[in-house]
Structures are given as C-alpha cells and as structure tokens.
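Mind having a look at this structure? Questions to follow.
The values are calculated or read from the model by the stated rules, or taken from the named source; none is laboratory data. What you see is a predicted model, and the numbers here were worked out from it, not measured in a lab. Cβ atoms come from the backbone with ideal geometry, glycine included; neighbour counts cover every protein chain shown. Please note that ligands, DNA and RNA were not included when accessible areas were found on the heavy atoms of the full protein model with its side chains. Shrake-Rupley method; radii C 1.70, N 1.55, O 1.52, S 1.80 Å.
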Amino acid sequence: MAFWWPLLVLGFAYAICKFLLMLIPPNVPSIDVDASDVLKETNDNYIYIPPRVRMLDKVQCYEPATMKYLGFFPALTPVEVNEHVAQARRAQKIWAKSSFKQRRQFLRILLKYIIENQDLICEISSRDTGKTMIDASLGEIMTTCEKITWLLSEGERWLKPEYRSSGRSMFHKTSKVEFHPLGVIGAIVSWNYPFHNIFNPMLAAVFSGNGIVIKVSEHASWSGCFYFRIIQAALAAVGAPENLVDVITGFAETGEALVSSVDKIIFVGSPGVGRMIMRNASETLIPVTLELGGKDAFIVCEDVDVSHVAPIAVRAALQSSGQNCAGAERFYVHRDIYSSFVAEVAKIVKSVSAGPPHAGKYDMGAICLQEHSEKLQNLVHDALDKGAEIVARGGFGNLGEDAVDQFFPPTVIVNVNHTMKLMQEEAFGPIMPIMKFSSDEEVIELANDSKYGLGCAVFSGSKRRAKEIASQLHCGVAAINDFASNYMCQSLPFGGVKHSGFGRFAGVEGLRACCLVKSVVEDKWWPLIKTKIPRPIQYPVAENAFEFQESLVELLYGLNVWDRLRALVDVLKTLSEHSPPANGKRRHA
C-alpha cells in the first residue's frame, strides 16, 4: 500500500489540474467580417428574369423564394483559374511548415465566429438556397462545428507518423507511415449546403497542410463568396499566407480548368458530371473523391413503435426542406404495419406547409433550382400513370399573387414499385414513396435494386435484426434505428458506392485522403547494425546462392519450429562456406 499510495495521490492531482485547466478559456481572438452589403435591403432589388441564352462571362445570383436579384460574380476563364491555383501553390509551400498549434488556432477562431454569428450564416444560406433557418442550422452549423471540434481533439494524432510492424525479415528495421500535404487541393461543391460544402473540404485540407481552391456552384455563389470572407479573416488572424484558400466562381469551363491544375480533386454533385471529372483527372493522373447522388432506403420492420418511427421518416423524406434533400428517397414498410404507418406519416405531412423561408413560420422553403418543380411533378405523374396513389400532400403558406413557381408541396405516395422512375431516379425533393415488403430477404433485395449506394436506415424492435439487414445492403453509410446520425459523428468516414461515388470525407480516412501517404524504413539500431547483403547473394552471386535463399525463406516463414531450426543450421553453414561464383566466373550486375 505504501508503494501505491503516492501514485494514487499523483494521479488524482493530475486529474484535478487537468480539470482546472479545462475551465480556463483559450485565448481566441475575434474576427470582424463585413456583412453590410449582404444584409442591406434596398428598394431596387428587382425580380430576376433568366435570359434565354445564359451569359457565360458572369454568374447571376438571386433568391429562389422571391427571385430578387442579388448581384453577379465573374465566371473565371481557364487562364484565371490557373493563376489562382498558382497563387495557392506558392502559399501552400509556406503553410506546409506551419505548426499544429497554429492550425488549431485557425480552427478555434472559425468556431468562435460561427457560434457567435449563427443567425447571419443561416440567413445567408436561407436566402441563397431557399432552405429554412432551422434546416440551415441543422445541416450547416452543427455539422461544421462538429468537424472543427473533432479536428481540434484528434486531427494532429492522425497526421503524426504511424509506426507499423517491420515483419520477420526486416526485424532490425523501424517502419512507419508519414502523412505529408499533397499540395493544392481542388474542390467543386454543390449548392445544397453552401456553408458546410465549402468548410468541409477546406478544414481537412488546411489542417493537413494543404492549400485549396474551391469552385462554388453557380446556384450558390452569392453565399459562397461571403463565407469566403470568414475564412480569409481567420487565416489573416493566425498569420497564414495570403491566397492559401481561394473561392472561385463560374460554370463548367471553370471547373474543368480547376481539375487540370490541382493535385487532387474533390467533387460533390451528380453522377454525370462526376464521370466528366474523372475523365479530366485521368489526363494528369490526380486522385479523385466523388460524392454523387443518392437514393437511400429507409426500412421499417413490423416490430417497431410506429408513432416513434413515423416522425423520423417524415424528417428523412423532407430533410433540408426537400429543396436540397440529403435524406431518404425510398421507404420500405412491412405489410403488417403498412396501413398504420401510412396513416401516421400522412397526418404529419398534411400539417407541413411550404413558404418563404426567411418568414420563419414555414416548415419548408423554396426549391433552389429553376424548373426542378416540373421534374418532380413529372416523376409523380409517371408513378400515378403506373398505379401509384397520392394519400397526403402538405400545403402552401400565403405566397402572394406574385409568388414564383419555386415551391413543391410535400407528398406521400403509396402503391409504388420499381418500374416507376420515382423509385429509381434521384428526386431531390419532398416526396415520400412508400412500398410494402413481406420478409427481410425481400426488402434486402429491393433496397439493393438501385444504381445508387450512399446510405440506408433500418428500424426494428430487434437491434440484432436491424444490424443483420443493414450489413447486407450495398451502401457506404448505415444507421441502425436512427437516421442521418452518421454525419454528426465526424470520426466516421462518409461516402458511397456504385453511382453514389467513391472515396470518403470526414474521419481519419477523409483527413488522410488529403495527404501524400509515404512509407519510411530505417535501421533500428544504426550505426551498431547496418544493412549488409549476405555474402552468398552479393555480386558476383555464389554457386550456392539459391540454396541459401531456400533455407532463409524456411527459417523466416516456416510453419514448423523444428524445420525452422534446421533451416537456421543450413543458413549458418552456407554463410561459413566460401563458394566461388556459379560456373567459376564472375557475374556482372
């Protein structure tokens, strides 16, 4: 007891000191980001009327809910893109030598600003994409804060050299994996989460020592360029080199130029554009991460509490107000509870209303993409023509007589099957198609009958049963008795398979994907023991060289200890001999 008592006291004192240190807030400076121009309301905000021929030299920005004009940004030419990447490359060479302490301070400054300016960030996202403030907070603020927090606590750990086993033949060596910055990463991101889609790749790239150039969507350039100001201010506050991070605007030509000039490309978007990205990346043989479409399955077994699962299912169907859906698009419900489940979700959906998102009293906002409402209606008509039935629709708020056609009511459809486009094509809208199943084997087959493979959610009163079903679904993300919680666990990788893409964001995998992974081997006891080629296999090769190799292989890898001991004797015997080169002649290298 006399021996353990001092150790216990020291351990307790250490814990107390660590706790007290946690109570001392870190010294994190505040940054000032000018938002006066994006917040001002003027009387000359005229309604934007899309031209018949798109202007290729500028990106026009407008509010999808009101079509009020927000301004424009330049569509960068390939020459201009190359110059932006060159500037980032010069800055990256300096930043690569930065300390993790400096990088963590950059993250803390961002986190402080985000927490203190949640309403501003969400309002700008709402105006530019049509989503509600609550959906902006859930999908933009929380996920980004979670990623920053994970990087602060674990990022450095996963970027330090990782030591590995050297094996039997190299037992006298030290083996490790080092993670070095790739250089300049390019990111082409979608419009559906304008804040998080910029910060997600930027945080991983900068923390791992890279520069990054991000091409924002032409449908969310207004918000993206403001969010860039936040990043610039935080980088300046820690003394980072100018142009380390850049945000560029434009159309396809701008994106193609970015792919051809960076060291890695991250793309968030459609499968069709993803294929073009891969083709362009093949010219320079750079690594690619693709996060493409999804048609996630939401499976409900008969042993669940319907009143508990139904609200989760509705949120999954209408995720992010439907206008930028990252939720489930196919619902499979066991036939024993099908009627009660449909009745429950129908009751909820009927109470949902769509309207101007900044009004603050609607569950859903406007659809960001022009003419997307028409696409959604075509999917519904195709399903109805093939026997489906609408059982519930949400309503509209007081849109006014001058309302634009940018709203689609949340819709529940039953009697669907896989011959319908609604069950095969990505809808990206507030539509909830519900299909019956009779057995676990059937629902697994149905869920896998898709060209997409991003995520799934499985609900069952038996956790073991839900896990068994999820394990057989061909997708990259699975939630058991829950939905979309995976992305809030930033230690986990995120990504899909099949037409949903490949590569991973988040977690160790996403962070290290921004790195050049280098394996390093060195002498463990140098200079006492140095690498030396055994005499029989030195040039000129000895006549008994192959016999030596045979014995050496058996010594190192033989399954029987007696055979290995015999091989050891043979190795030592061969080393003690001085055999002449084969054929009595010297062999030339």
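Let me see the P(r) profile for the stretch 453-589: every Cα-Cα distance counted, bins of 10 Å, each bin given as a percent of all pairs.
10, 20, 17, 9, 17, 18, 8, 1
Compare the Cα positions of Gln102, Val352, Ile248 along the charge dipole of the chain (+1 at Cβ of Lys, Arg; -1 at Cβ of Asp, Glu; about the Cα centre) and return the one farthest towards the positive end.
Gln102
Which FRET efficiency value, to the nearest 0.05, do you get for Ala15 and Cys489 by plugging their Cβ-Cβ distance into 1/(1 + (r/R0)^6) with R0 = 30 Å?
Between Ala15 and Cys489 the formula returns 0.65.
What translational diffusion coefficient, to the nearest whole µm²/s, does the stretch 140-217 have by Stokes-Einstein, given a Kirkwood radius computed over alpha-carbon pairs, a temperature of 20 °C and 1.002 mPa s viscosity?
Once the numbers are plugged in, D ends up at 146 µm²/s.
While we're on this one: Run the quick spin-label model on Arg465 and Glu156: label points 7 Å from Cα toward the beta carbon, then report their separation in nm to one decimal.
4.9
Could you order Leu575, Leu8 so the one with the most accessible surface comes first? Probe is 1.4 Å.
Leu8, Leu575
Please give the net charge around Thr149, taking every other residue with its beta carbon less than 13 angstrom from that of Thr149, where Lys and Arg add +1 and Asp and Glu add -1.
+2
For the stretch 1-129, what is the per residue volume of the convex hull drawn over the alpha-carbon atoms, in cubic angstrom?
Spread over its residues, the Cα hull of the stretch 1-129 gives 204 Å³ apiece.
Out of Cys489, Ala478, Leu446, whose Cα points farthest toward the positive end of the dipole of the stretch 442-514 (charges: +1 Lys, Arg; -1 Asp, Glu; placed on Cβ)?
Result: Cys489, furthest along the dipole toward the positive end.
Divide, for the stretch 203-283, the radius of gyration over alpha carbons by 2.2 N^0.38 Å, where N is the residue count.
My calculation over the Cα atoms of the stretch 203-283 gives 1.16.
As a test question: what accessible area, to the nearest 10 Å², does His372 have when a 1.4 Å probe is rolled over all protein chains in place?
20
So if R0 is 22 Å, what FRET efficiency would Lys350 and His308 give, r being the distance between their Cβ atoms, rounded to the nearest 0.05?
With a Förster radius of 22 Å, E is 0.70.
Tally Lys and Arg at +1 and Asp and Glu at -1 over the other residues with C-beta under 11 Å from the C-beta of Gly501: what net charge comes out?
+2
Considering the dipole of the chain built from charges on the beta carbon (Lys and Arg +1, Asp and Glu -1) around the Cα centre, which of Leu159, Phe396, Val306 is farthest to its positive end?
Of the listed residues, the answer is Leu159.
Could you work out the relative contact order of the chain? I mean the mean sequence separation of Cα pairs under 8 Å and 6+ apart, divided by the number of residues, in percent.
15
Same structure again: Cut-off under 17 Å on the C-alpha distance; same-chain residues fewer than 8 positions from Lys530 excluded. Which lysines are left, in chain and number order?
Output for Lys530: Lys173.
Another question about this same structure. If you place +1 on the Cβ of every Lys and Arg and -1 on the Cβ of every Asp and Glu, how big does the dipole about the Cα centre of the chain come out, in debye to the nearest 20?
In total the dipole reaches around 2600 debye.
While we're here: Using helices alone, I'd like the mean residue ellipticity at 222 nm for the chain: each DSSP H run of four-plus residues gives -39500 (n - 2.57), total over residue count, nearest 500.
Here the helix-only value at 222 nm equals -12000 deg cm²/dmol.
Give me the base-10 log of I(q)/I(0) for the stretch 296-399 at each q in 0.11, 0.16 Å⁻¹, Debye formula, one uniform scatterer per Cα, rounded to two decimals.
The computed values of log10 I(q)/I(0) come out as -0.38, -0.80.
What label, among (1) 39.2; (2) 32.9; (3) 37.2, belongs to mean projected area of the Cα convex hull in nm² computed from the structure on display?
(1)
Related question: If all Cα-Cα distances of the stretch 179-239 are sorted into 10 Å bins from 0 onward, what percent lands in each bin, rounded to whole numbers?
23, 54, 22, 2
Say each of Tyr539 and Glu178 gets a label point 7 Å from the Cα, pointing the same way as Cα to Cβ; how far apart are those two points in nm?
2.8
Sorted by accessible area with a 1.4 angstrom probe, largest first, how do Ser471, Ser99 fall?
Ser471, Ser99
Against the longest principal axis of the chain, how steep is helix 78-95, in degrees 0 to 90 to the nearest 10, with axes from Cα atoms?
Between helix and principal axis, roughly 50 degrees.
Pop the C-beta distance of Trp5 and Asp570 into the FRET formula with R0 = 60 Å and round what comes out to the nearest 0.05.
0.60
Nearest 20 debye, what's the magnitude of the dipole of the stretch 459-589 about its Cα centre given +1 on Lys and Arg Cβ and -1 on Asp and Glu Cβ?
Around 320 debye, computed over the stretch 459-589.
Just how much of Arg564 is accessible, in Å², when a 1.4 Å probe is used and the result is rounded to the nearest 10?
Approximately 80 Å² of Arg564 is accessible to the 1.4 Å probe.
How far apart, in nanometres, would the label points at Asp382 and Asn82 be if each is projected 7 angstrom from Cα along the Cα-to-Cβ direction?
Computed distance between label sites Asp382 and Asn82 equals 4.2 nm.
Just subtract the alpha-carbon distance of Glu577 and Ser99 from 0.36 nm times their residue separation and send over the number in nm, one decimal.
Extra length from Glu577 to Ser99 when fully extended: 166.6 nm.
Next up: Taking 0.36 nm per residue of separation and subtracting the Cα-Cα distance, what length does fully extending Lys421 through Glu547 add?
Length gained between Lys421 and Glu547: 38.7 nm.
Less than 18 Å apart at the alpha-carbon level, and either on another chain or at least 8 residues along: which aspartates and glutamates does that give for Lys160?
Here the aspartates and glutamates satisfying the reach criterion relative to Lys160 are Glu178, Glu509, Glu522.
Given Cβ point charges of +1 (Lys, Arg) and -1 (Asp, Glu) and nothing else, what value in debye, to the nearest 20, does the dipole of the stretch 113-268 about its Cα centre take?
Using Cβ point charges on Lys, Arg, Asp and Glu, the stretch 113-268 gives about 820 debye.
What list of whole percents do you get for P(r) of the stretch 436-498, with Cα-Cα distances grouped in 10 Å bins up to the one holding the largest distance?
22, 54, 22, 2
Quick one: order Leu120, Leu572 from most to least accessible surface, probe 1.4 Å.
Result, largest first: Leu572, Leu120.
Compute the angle between helix 545-557 and the longest alpha-carbon principal axis of the chain, please, reported from 0 to 90 degrees and rounded to the nearest 10.
Taking the Cα atoms of the chain, the angle to 545-557 is about 60 degrees.
So, one more: Rounded to whole Å and sorted largest first, what semi-axes of the equivalent ellipsoid does the C-alpha gyration tensor of the stretch 236-321 yield via the square root of 5 times each eigenvalue?
For the stretch 236-321, the ellipsoid semi-axes come out as 39, 20, 12 Å.
For the chain, give me the percentage of DSSP beta bridges that are antiparallel, rounded to the nearest 5 percent.
40
Oh, and also: So what's the angle, to the nearest 10 degrees on a 0 to 90 scale, between helix 338-350 and the longest Cα principal axis of the chain?
Tilt of helix 338-350: around 60 degrees.
Solvent-accessible area per residue for the chain at a 1.4 Å probe radius, Å²?
Value returned for the chain: 49 Å² of accessible area per residue.
Here is a follow-up. Please identify which residues in the stretch 262-305 have an amide N closer than 18 Å to a label point set 7 Å out from the Cα of His474, following the Cα→Cβ vector.
Taking a point 7 Å out along Cα→Cβ of His474, the residues of the stretch 262-305 whose backbone N falls under 18 Å are 271, 292-298.
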